[in-house]
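To start, the structure under review is shown below, and the notes come after it.
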Amino acid sequence: MRRNYEAVIGLEVHAQMRTNTKIFCGCPTTFGAKPNTQTCPVCTGLPGVLPVLNRKALEFTVKTGLAMNCRISPYSRFARKNYFYPDLPKGYQISQYELPVCEGGWVDISVDGETRRIGITRIHMEEDAGKNIHEGGSYSYVDLNRACTPLMEIVSEPDIRSPKDAAQYMRKLRTILRYLGVCDGNMEEGSLRCDANISIRPVGQKEYGTRTELKNINSFRFVEKAIEYEIARQIRIVDEGGTVVQETRLWDSAAGVTQSMRSKEEAHDYRYFPDPDLTPIVVQQSWVDEIRASLPELPDAKQARYTSSFRLPEADADQLTAEQAVALWFEAAVAAGAPPKAVANWMMTELMKHLNDENRPIEECPVQPARLAGLIALIEQGIISGKIAKTVFEEMYATGRDADSIVKEKGLVQISDSGAIEQAVDDILAKHPGEVARYREGDEKLLGFFVGQLMRAMKGKANPQLANELLKKKLV
Amino acid sequence: MITQDDVRKIADLSRLALRDGEAEAFGAQLNSILTYVQQMNALDTSAIEPTSHVIPLQNIVREDVVRASLPREAALQNAPDATDLFYRVPKIIE
């Protein structure tokens with residue numbers, strides 16, 4: 001992006017709520033069910049039916065609002081958003097327009113070590129549409145399983161200034177939603193979707209430029225790429241003396257470009273009005289307080305605690321708190337008595353490497369947190385070396401057994417008896433008179449060779465510090 | 001005043017096809033309805049909350065418990081057009 005323009009970006013994120021049933025009827029919301037097997041007269045919009053709000057969807061929305069520092073409206077209501085599309089059986093979507101459940105919040109994101117606050121305009125509830133399937137030929141096909149699935153729409157203020165910040169904001173929302181357990185955050189399955197409003201303006205100008213709305217962004221990588229492309233496109237137009245047209249554009253991930261949807265202007269004439277089929281929602285302060293009390297410790301709070309109480313570097317705290325399950329695992333290992341930094345190091349290297357290789361969630365980690373603490377204790381007590389510990393860890397990961405019994409069974413206890421090590425040192429020096437002579441003539445790099453020989457002779461079990469000391473002493 | 005263009009636009013948004021002369025006829029009817037409602041303007045309603053619901057009920061909710069869905073055959077049986085699995089509609093051009 002050129003220096004003389006800045007981008008103004010606002011995101012509308014749709015999060016599918018993790019309820020058992022749809023927002024206005026009792027149909028299940030299971031992903032991947034056979035087409036048109038999870039519908040009923042309500043979600044297919046048959047005459048004479050009444051939608052009834054799923055209490056859980058309201059609770060999840062209030063919960064999310066609180067986690068994102070919003071005001072919870074004591075009175076809110078549903079509205080009809082009218083438009084025709086084959087995946088919308090009623091000819092309107094039930095949404096919220098005036099009086100959404102949550103307003104005026106914020107989340108903090110951290111980019112390159114800097115914290116930025118992104119305002120949340122509102123969070124409202126609405127129903128999802130069905131799915132259209134396009135194949136060749138002269139027909140399209142409609143599956144209404146997804147129709148009426150509960151969504152939260154989280155609308156940000158136009159506070160985002162770069163594609164990278166936008167992606168970071170998305171990640172932060174996902175983390176919070178997953179901590180709360182209100183959305184699984186699976187972008188591939190469409191549980192989290194993002195539309196972006198983008199405009200550019202000369203740096204220093206207060207007024208916003210004409211914005212375009214980008215739809216169809218379905219991965220973190222695409223959030224960044226699509227917005228980057230759109231900013232560059234707008235700058236090019238303005239630089240060439242043109243004007244940006246207000247329109248909806250689709251991100252085409254295969255071609256890596258955004259394309260105009262060329263929809264008619266009327267498509268945006270939604271004629272919202274209050275939905276008479278659904279009663280107003282009055283949220284009592286006592287219920288809000290109850291929900292607030294049930295909130296888990298959120299990523300920002302955890303991170304602050306990890307850097308202050310556990311004295312972890314910020315990067316470690318970041319990584320360990322991105323997923324709640326990882327954070328809880330870490331805390332369990334620390335609670336079992338291991339020093340936090342040692343646990344963090346093991347988790348971010350060996351443990352994560354294994355889990356990532358097997359694409360296994362930490363909940364299914366074969367090593368229990370307390371057992372990692374046990375392994376660390378053996379190192380701290382000088383019973384095994386850090387190097388041997390890696391071998392022990394492999395065995396723990398493969399079998400789920402505890403460190404102590406593996407060390408005992410395999411005879412891996414570190415030898416800290418200086419007599420035994422001295423004996424081995426003498427043997428090695430006697431076997432390599434040439435190297436000894438060269439070392440004594442000043443080739444000190446050979447120390448590594450002797451250490452290697454010694455460790456091999458002692459099957460890696462020599463206390464490394466002691467081994468080094470004794471070698472140096474005898475080589476003088 | 002509702003113009004004939006307004007009527008055509010509303011009809012278009014509602015996917016209603018108008019025959020010749022209907023824009024004029026419906027325009028006149030809509031205007032007469034609006035004129036009738038306009039009597040409200042004679043009253044001072046500044047201190048009255050706009051009414052969005054006429055029934056004095058609030059917070060009608062259900063628990064998040066699964067109920068049986070319709071069998072697919074039943075769901076599709078009244079559709080104007082369907083395959084074994086899907087509702088079938090004229091091709092949607094994005």
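The values are calculated or read from the model by the stated rules, or taken from the named source; none is laboratory data. Keep in mind that what you see is a predicted model, and the values were worked out from it rather than measured. Methodologically, a virtual Cβ is constructed for each residue, glycine included, from the backbone with ideal geometry; neighbour enumeration extends over all protein chains shown.
Below are the figures for this structure:
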| item | result |
| --- | --- |
| Filter result for residue A:244 (hydrophobic (A, V, I, L, M, F, W, C), in a loop (DSSP other than H, G, I, E, B) and either within 14 Å of another protein chain (Cβ to nearest Cβ) or more than 22 Å from residue A:13 (Cα to Cα) (or both)) | yes |
| Unique match (being surrounded by 10 or more Cβ atoms within 10 Å (Cβ to Cβ), farther than 30 Å from residue A:250 by Cα, of a type in the set (A, V, I, L, M, F, W, C) and within 9 Å of another protein chain (Cβ to nearest Cβ)) among B:60, B:92, B:33 | B:60 |
| So residue A:410, is it surrounded by fewer than 17 Cβ atoms within 10 Å (Cβ to Cβ) and farther than 14 Å from residue A:459 by Cα | no |
| Selection from segment A:206-221 of residues that are at pLDDT 90 or above and not in a loop (DSSP other than H, G, I, E, B) | A:212, A:213, A:214 |
| Residue A:68 vs. criteria at pLDDT 95 or above and within 14 Å of another protein chain (Cβ to nearest Cβ) | no |
| Scope segment A:9-31; condition free of Cβ contacts under 8 Å to residues at least 60 places away in the same chain and more than 8 Å from chain B (Cβ to nearest Cβ); matching residues | A:30 |
| Only listed residue being surrounded by 12 or more Cβ atoms within 10 Å (Cβ to Cβ) and either within 14 Å of chain A (Cβ to nearest Cβ) or part of a helix (DSSP H, G or I) (or both), chosen from B:68, B:79 | B:79 |
| Positions within segment A:451-476 being assigned to a helix (DSSP H, G or I), surrounded by fewer than 19 Cβ atoms within 10 Å (Cβ to Cβ), in contact with a Leu (Cβ under 9 Å, 6 or more places away or on another chain) and touching a residue at least 24 places away in the same chain (Cβ under 8 Å), in sequence order | A:472, A:474, A:475 |
| Conditions (1) within 14 Å of chain B (Cβ to nearest Cβ); (2) in contact with a strand residue (DSSP E or B) (Cβ under 8 Å, 6 or more places away or on another chain); (3) closer than 30 Å to residue A:230 by Cα; (4) not charged (D, E, K, R): number failed by residue A:36 | (3) |
| Hey, residue A:448 of a type outside the set (A, V, I, L, M), at pLDDT below 85 and assigned to a helix (DSSP H, G or I) or not | no |
| Matching residues in segment A:135-160 - criterion: being at pLDDT 95 or above and part of a loop (DSSP other than H, G, I, E, B) | A:144, A:145, A:146, A:147, A:148, A:149, A:157, A:158, A:159 |
| Flag for residue A:6 being closer than 30 Å to residue A:159 by Cβ, at pLDDT 95 or above and more than 11 Å from chain B (Cβ to nearest Cβ) | no |
| Among the residues listed as A:265, A:224, A:240, the single one being surrounded by 12 or more Cβ atoms within 10 Å (Cβ to Cβ) and either in the same structural domain as residue A:187 (by TED's automatic domain parsing) or modelled with pLDDT of 95 or more (or both) | A:224 |
| Tally of residues being out of contact with any strand residue (DSSP E or B) (no Cβ under 9 Å at 6 or more places or on another chain), hydrophobic (A, V, I, L, M, F, W, C) and within 11 Å of chain B (Cβ to nearest Cβ) across segment A:39-65 | 4 |
